[in-house]
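Working notes, structure below.
Read-outs throughout are calculated quantities, based only on the coordinates presented, and are distinct from any laboratory measurement. This is a predicted model, so every value here is computed, not measured. Glycine gets a Cβ as well: all are built from the backbone with ideal geometry, and neighbour counts include every protein chain shown.
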Amino acid sequence: MVPIAVAVISNGLTIGLIYSLAAAGVTILYGSIWMPNASNGQFFALGGIFFWLGIRLLGVGRSAYPALALGTLLLAAGVALLLEAALFRRFYDRADRNYIYFILTLGLAQVMSGFFSVTVGPISDAYAVPQVVPGILMVAGSPVPYARIVVLAFACLAVVSLVVWLRMHRIGLALRALFQDRDGAALRGVDVHKVFRLAYLLGTLICVMAGILYVVAFPMDLTTGWSVAVTTFAIMIVGGPGSVLGSMVIALIFGFLQAVVSLLANPVLAQFAYLIAMLVVLVCRPEGLFTR
Amino acid sequence: MSPGGPIHTLKGRLAQLARSVGAIFVAVVTVGVMLILSWNPYTAFVLSVTLVFAIWASGMNLLAGYTGQLPLMFGGIAGLAAYLLLYLTETCRWPYWLALPMALTGAGMAGVLLGLPSLRLRGFYFTLSSLVVQLALTLFFVVAIPFTGGDIGRTVQVQPRLFGVSLQGRYLTYTALAILLSLTVFLSRLVRSHWGTFFRAIRDDDVLAGALGINVTLYKVVAFAIGSTVAGIGGVLYMYTVGFISPRSYDVLLSLTIWLMVGFGGRATILGPIVGAILLSPLPYLLQSVYLLRDIIYGTLVILTMLFLPEGIVGRLQRRERAESRTIQPDLSVATSMRKA
Amino acid sequence: MKGDGVPLLRVQGLTKRFGGVCALRGLTLFLREGETVGMIGPNGSGKSTFVNVLSGELRPDAGAAEFRGKALPLGQPHQIVRMGIARTFQHIRLYEAETVWENVRVPALAHYRRLGLRSPDEVVEAALADVGLLQKAALRAGQLTLYEKRLLEIAMRLATRPQLLMLDEPAAGLNAEEIRQLLAFLKALRRRLTLFIIEHTMRVVVELADRVVVLSSGEKIAEDTPQAILVNEEVIRVYLGGVNVNREGS
């Protein structure tokens, strides 16, 4: 019994924290720019795939993993800035931009997913990173890989830093002001467009970071991007698009749910649960559970 | 639709006549070309697929163009009809004249039931809930193996027969063509009737429509029912054209592709979706190497459409035409034509 | 004609909450046929919420409403319109891309059969003639002036042949001359219909209303003739203190 509990906790916590990051990314984008980003899953995949490519093609060694992660983030940032300038910037002031962004990012997700199938697909269809730290720790009779603990630690650190930053740093506060009231923020001298650009960069990079963490802990394939997109949307809708913290809480719950379901039954059923939860919330309480 | 009232000038009447004759001529030529093309089995196949997409696009146009909703669950409903028909004819061994209406009614009802809760949602939230339903349907197709055969897919064993003729190859193409033509006539009648006026009123401002006494929910449900049934018709035709069915054939990418054709060719016009289908659906089949890049190409087209062509090709042409005609239209014609005996 | 005793609308204990805010608290109100009743109050006092509940846009959390003795089908806008209650919106809502004629044709199509007429065009022509927009029937609604747009909105409601017409701030944004014209029009209209007018422009309320209801924080704090309301201490304190009461002049 206890070994199972340990497995569930370690899996659930890891996945939950990774989902927290990805969901935070999506919520920030929707809450501040009003952009429902359907391509977030593909950026998640991008993080994982580029990281994996660095190891597989460039032969990057374990000690250089942090540098590789940084390199991946920089590359992704470049892509994000390009997309922002080419696609998203022009719609910042439109009233119906959420619908436009949704379709645009759906198209973008399709392009990215196709791009990955064509470029990386032929090399391999599963992307697994060799253990960051070899070895296993026995916890109450259950084996927990050190690699998993490393990922857990980093994920925890990332989540906490994000929360702290949003509450403390000048830009984080500006983002939160935008969340609450866009026109009021503009009146108080906040350069709305610049903050939008920052929000897009931040929200996207958080998803990329989550993807890197994911691929270090679990193997990834070409469908991961889509299932993560569904899950993070579900988390955002259920938690409420107005609350980053709320979405993080829901993400942890979903993570545990997934760990339990994967153990007992077909993991695909977890997806069903997310979809139903999303639909129920959309119909009964569209503002989510945590929005005031 | 018409800017003022019935057209009474001779010039206006002649123009209208010319337009109808022109339309009929174009239709006859198009049908003729299609009949010739369908002689070769390969072109017949591509033609069939194009016709199916034209049917689908017309159905989605009713929902997206006329009632202002973007139903991303369109593909799933199409798949539901196809799987249902396959199940009824091959597993339950029902005859076609019974199984087909059953499958289509099932699709129509499923569309209404699944769309019903989201009727109160607007814009993005409606689109999102529709997406959720689509994803759930795809998941269901993958998981319900006894009903669907799972992710591997199934080949179609029993071909439909009509009056003793097996509907395969070019006969299937003729059937698809006949269906498209009747659907087009039906839709253009619908759009010109009071239904069309109310649909557009709901699309442009459903709160206002309700405040004017229009039963918004009823019209949305009807639009859903018709749209879903058309999705089902296309789904069934597609299954027989390809001869194979799998959950991936009716997933969210299909809904997006169909939407793309509507958006590209022109929402809220009758011909627009057909033009969009003709322009976009033969693409992957005509260029085999391009097939691998299908996702990238369609995704890019979705992006480009959203960026540059909000009303589609046909829509933009019509808008220019309407802008020109308005300057000719005199104010007085309305008042004088309203003189009742 | 005024207040001949036939009760048209009875509202009892209407309550509506939005999250933590109580927009309407147990509002009770009676309207008699032929009356013109005005409703005033500071922003956020619940005036528009009241109209939204009565018209079916919102469902109340508590309370009941009756129209001619029959229970109002709360939450069903189109059924309420069919019963004879029509309302306009605070912000202009029109089909801006369609012509004036087409705009009125929409409700006419929905109701002409119920009204026993053979063609929607009769209804459209009558409604447009009523508001004086027949000459502009072929213009796009978006090309009208603000005042003409308000008239068009009223024409669209007239096409539903209502018995009670609720107007939400019809004078907002109009200049003095337009307000004068609006008053003349409404004075003629009120002979045919029961009118319920929400307004901030006191001149409209004073010249048109038989009775004024004052709302504050979702509650009725006064209900009396316009003259009495103007000197009511609490009303002045809560609302009129800052409002320019202009009865004469341009």
Checklist entry - Just the Cα atoms of chain C: what Rg and Dmax do they give in Å? => result 17.8, 54
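Please arrange B:TRP56, A:TRP52, B:TRP195 by how many other C-beta atoms lie within 10 Å of their C-beta, fewest to most.
Working: B:TRP56 31, A:TRP52 25, B:TRP195 16.
So the ranking, lowest neighbour count to highest, is B:TRP195, A:TRP52, B:TRP56.
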Checklist entry - Once the Cα atoms of helix A:224-239 and of chain A are each reduced to a long axis, what angle between those two axes, in degrees from 0 to 90 to the nearest 10, is obtained? => result 60
Next on the checklist: Of the candidates C:ALA65, C:ALA126, C:ALA86, which one comes out as most mobile in a Gaussian network treatment of chain C with C-alpha springs shorter than 10 Å?
Outcome noted: C:ALA126
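How much mean residue ellipticity at 222 nm does chain C get from its helices, if each DSSP H run of length 4 or more adds -39500 (n - 2.57) and you divide by all residues, to the nearest 500 deg cm²/dmol?
Values: 9 runs with 85 residues, N = 250.
It lands at -10000 deg cm²/dmol.
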Next on the checklist: Can you compute the radius of gyration and Dmax for region C:124-163, using only the Cα atoms, both in Å?
Outcome noted: 9.6, 30
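Among the trypsin sites (Lys or Arg not before Pro) within region C:13-60, which fall in a DSSP loop and have no more than 13 other Cβ atoms within 10 Å of their own Cβ? Can you show the working numbers first?
Working: sites: C:LYS16, C:ARG17, C:ARG25, C:ARG32, C:LYS47; in loops: none.
Counting only loop positions with at most 13 other Cβ atoms within 10 Å, none of the trypsin sites (Lys or Arg not before Pro) in region C:13-60 qualifies.
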Next on the checklist: Let me check I have the definition right: for the protein assembly as shown, take the eigenvalues of the Cα gyration tensor, multiply each by 5, take square roots. What are those semi-axes in whole Å, largest first?
Outcome noted: 51, 39, 24
Next on the checklist: So if I restrict to the alpha-carbon atoms in region B:3-159, what is the Rg, and what is Dmax, the biggest pairwise distance, in Å?
Outcome noted: 20.9, 65
Checklist outcome for this item: Assertion target for B:THR197, C:THR88, ordered by fewest C-beta neighbours within 10 angstrom first, is B:THR197, C:THR88
Checklist entry - Using alpha-carbon positions, what is the distance between the centroids of region C:39-65 and region C:123-141, in Å? => result 31
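Based on the Kirkwood radius over alpha-carbon pairs, what is the Stokes-Einstein translational diffusion coefficient of region B:152-292 at 25 °C with 0.890 mPa s viscosity, in µm²/s?
Rounded to a whole number, D works out at 140 µm²/s.
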Checklist entry - Could you give the length gained on full extension between A:LEU57 and A:ASP221, defined as 0.36 nm per residue of separation minus the Cα-Cα distance, in nm? => result 57.3 nm
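So for chain A, what percent of the C-alpha to C-alpha distances run longer than 30 Å?
On the way: 12320 of 42486 pairs.
So the pairs more than 30 Å apart make up 29 percent of the total in chain A.
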Checklist outcome for this item: The exposure ranking of C:GLU177, C:GLU125, fewest beta-carbon neighbours within 10 Å first, is C:GLU177, C:GLU125
Item to check | Kirkwood-based shape ratio for region A:21-147, expressed as Rg/Rh from alpha carbons | outcome: 1.07
